[in-house]
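What follows is a single structure, written as structure tokens, with notes after it.
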Amino acid sequence: MKLFKKIKSIKKTILLAILPILLIVALISIGRSNTTSSKIGILVFDGFLTSDVTAPVEVFGAATKKSWFSSYEVVVVSATRNKTVVSEEGLKVVAERTIYDDTGLDVLLVPSAYEMDGLLSNKDLIEYIEQQAETASWMASNCSGAFLLGEAGVLDGKKATTWAGGEQTLARSYPAIEVQYDQNVVTDENTITSNGGPVSYQAAFELLAKLSSEEFSQEISESIQFNRLERAFNSQQG
């Protein structure tokens with residue numbers, strides 16, 4: 001009887017000793033289950049127009065700091081094997097991934113460049129865009145990035161736009177696209193295209209609203225003080 005009580009006491013002591021360990025393991029497992037699961041990929045290449053990339057990086061980067069968007073992360077993807085690229089305006093960017101990696105994106109955003117011919121003839125790049133379009137929830141472009149989506153067939157049968165003044169060129173190059181004229185941002189099904197430049201911010205906020213809500217998108221607009229631009233432009237007009 002004494003032996004039984006002693007064994008029972010030992011078991012209780014061991015159980016009390018390992019309970020904290022089990023709790024820690026459980027918390028780690030919960031933490032892992034809550035880790036980032038969705039990736040917003042932003043394509044870069046030498047000569048990309050800076051604001052086409054920095055605008056969505058700022059908007060989505062700020063959103064990922066919020067609990068309601070913490071399941072997303074922003075990933076910069078190089079269009080070549082070289083992860084270091086330089087924008088048209090001289091901004092050097094080091095990408096985390098390349099198109100030759102398994103990126104598994106939920107969103108792919110394609111920027112523009114003044115010289116698009118080399119990009120449009122890059123078979124690896126076009127194939128990568130095609131592959132992402134098969135699985136991604138959203139495909140997006142700023143400015144002449146629409147030509148890359150067009151080359152990959154992503155915009156066939158859909159409404160889309162490009163830089164202001166470039167609509168006719170897009171329509172001639174890709175007749176299957178329903179090109180929209182004089183529109184800042186165009187959304188059709190799971191694609192969103194914009195004029196690029198400063199309008200890239202507007203496109204990013206509209207996409208953020210699709211991924212979360214209008215209220216959350218407005219929250220980020222206010223947190224980075226983008227909403228104050230309306231006051232700035234209004235004061236200039238006055």
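For segment 36-224, what does the alpha-carbon gyration tensor say about shape, rounded, prolate or oblate, given a ≥ b ≥ c as the root eigenvalues, a/c under 1.5 as rounded, and a/b over b/c as prolate?
Rounded shape, in that the Cα axes give a/c under 1.5.
How about segment 87-152: which chymotrypsin sites (Phe, Trp or Tyr not before Pro) there lie in a loop by DSSP and see at most 16 other Cβ atoms within 10 Å?
Tyr100, Tyr114
For the pairs Lys65/Lys159; Lys66/Lys92; Lys39/Lys123; Lys83/Lys159, note any where the Cα-Cα span goes beyond 30 Å.
Lys65/Lys159; Lys83/Lys159
Beyond 15 Å, what share of the Cα-Cα pairs of segment 188-238 remains, rounded to the nearest whole percent?
Value for segment 188-238: 53 percent of Cα pairs lie more than 15 Å apart.
Two decimals is fine: what's Rg over Rh for segment 169-212, C-alpha atoms, Kirkwood radius as Rh?
Rounded to two decimals, Rg over Rh is 1.01.
Each value in this text was obtained by applying a stated rule to the coordinates, not by laboratory testing. Just so we're clear, the structure is a prediction, and the values are computed from it rather than from any experiment. Cβ: placed from backbone, ideal geometry, glycine included. Neighbour counts: every protein chain shown.
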